[in-house]
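Enquirer: So that we are looking at the same thing, I have put the structure below in structure tokens.
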Amino acid sequence: MGQFLTLLAYHLSSDELLPLDLPNYGVELQAYYEDLQDVISSGSNASLDTSPLSAAIQTFQARTKEVKGLEQMALMTNDAELIEVVNHKYRDFQRGFVSQGGLPTREFYRHVVTAPGLDPGYAAVTYAGITEAVEAGDFDVARDWVGRTARGIERASEIIKT
């Protein structure tokens with residue numbers, strides 16, 4: 001583990017471009033969404049409109065393709081300013097996922113995509129605000145968190161917009 005972390009630190013400090021694969025992040029957001037649909041369908045008979053979340057994920061996926069193209073152009077042209085722009089987008093996009101006010105009953109966890117779960121301890125729960133509300137049967141909170149989560153993903157999309 002120490003060797004891996006040392007190698008990671010080396011690459012983060014010396015590579016010209018941050019070694020991030022944002023298109024894969026979009027793929028994972030979609031996979032988390034599909035898992036959420038399973039939780040919703042197995043939870044209860046109540047319905048939950050997750051279309052704003054789905055639309056936000058699609059926007060994020062489109063933006064990741066755009067920024068990946070910008071990254072490739074920056075590397076091909078060896079444009080230092082463009083490389084810096086891409087690095088700043090890669091560095092900052094996670095900030096979009098931070099929700100003001102935090103998760104219900106756990107205000108100190110503010111990431112709208114992943115958080116430690118209430119029941120599994122430190123195991124990650126995806127779209128925790130929505131997932132945990134559905135599991136608790138509180139669809140009012142779940143509806144609120146569909147909007148909050150979608151807005152967080154949209155903010156991250158704006159950060160990487162080219």
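Enquirer: Could you grab the relative contact order for segment 56-142? Cα pairs under 8 Å, six or more apart, rounded to a whole percent.
Expert: 13
Enquirer: If you don't mind, there's one more thing I want to ask. Where q = 0.11, 0.15, 0.25 Å⁻¹, what log10 of I(q)/I(0) comes from the Debye formula for segment 1-76, counting one point per Cα?
Expert: -0.48, -0.72, -1.09
Enquirer: Which whole number in µm²/s is D for the chain by Stokes-Einstein, with the Kirkwood Rh taken over Cα pairs at 10 °C and 1.306 mPa s?
Expert: Values: Rh = 17.0 Å.
Reported coefficient: 93 µm²/s.
Enquirer: May I ask you to give the percent of accessible area on segment 74-162 that is carbon plus sulfur, with a probe radius of 1.4 Å? Write out the running numbers ahead of the final one.
Expert: Values: 2430 of 4640 Å².
Summing carbon and sulfur atoms, their accessible area is 52 percent of the total for segment 74-162.
Enquirer: Hey, another quick one. Ranked highest first by average number of other Cβ atoms within 10 Å, how do 100-106, 51-57 line up?
Expert: Most protected by this proxy first, the peptides run 51-57, 100-106.
Enquirer: I would also like to ask the following. If each DSSP helix of 4+ residues adds -39,500 (n - 2.57) and the sum is divided by the residues in the chain, what number results at 222 nm, nearest 500 deg cm²/dmol?
Expert: On the way: 6 runs with 105 residues, N = 162.
Result for the chain: -22000 deg cm²/dmol, rounded to the nearest 500.
Enquirer: Something else now. Report, to the nearest 10°, how far helix 80-92 tilts away from the longest principal axis of the Cα atoms in the chain, using its own Cα long axis and a range of 0 to 90°.
Expert: So the inclination is approximately 20 degrees.
Enquirer: Follow-up. Express the accessible area of the chain per residue in Å², computed with a 1.4 Å probe while the remaining protein chains stay in the model. Write down the numbers at each step before the final one.
Expert: Working: 9100 Å² over 162 residues.
Result: 56 Å² per residue.
The values are calculated or read from the model by the stated rules, or taken from the named source; none is laboratory data. Keep in mind that this is a model prediction, so the values were computed, not measured. We place every Cβ from the backbone using ideal geometry, glycine too, and count neighbours over all the protein chains shown. We work out accessible area using only protein heavy atoms, side chains counted, and drop any ligands, DNA or RNA first. Shrake-Rupley method; radii C 1.70, N 1.55, O 1.52, S 1.80 Å.
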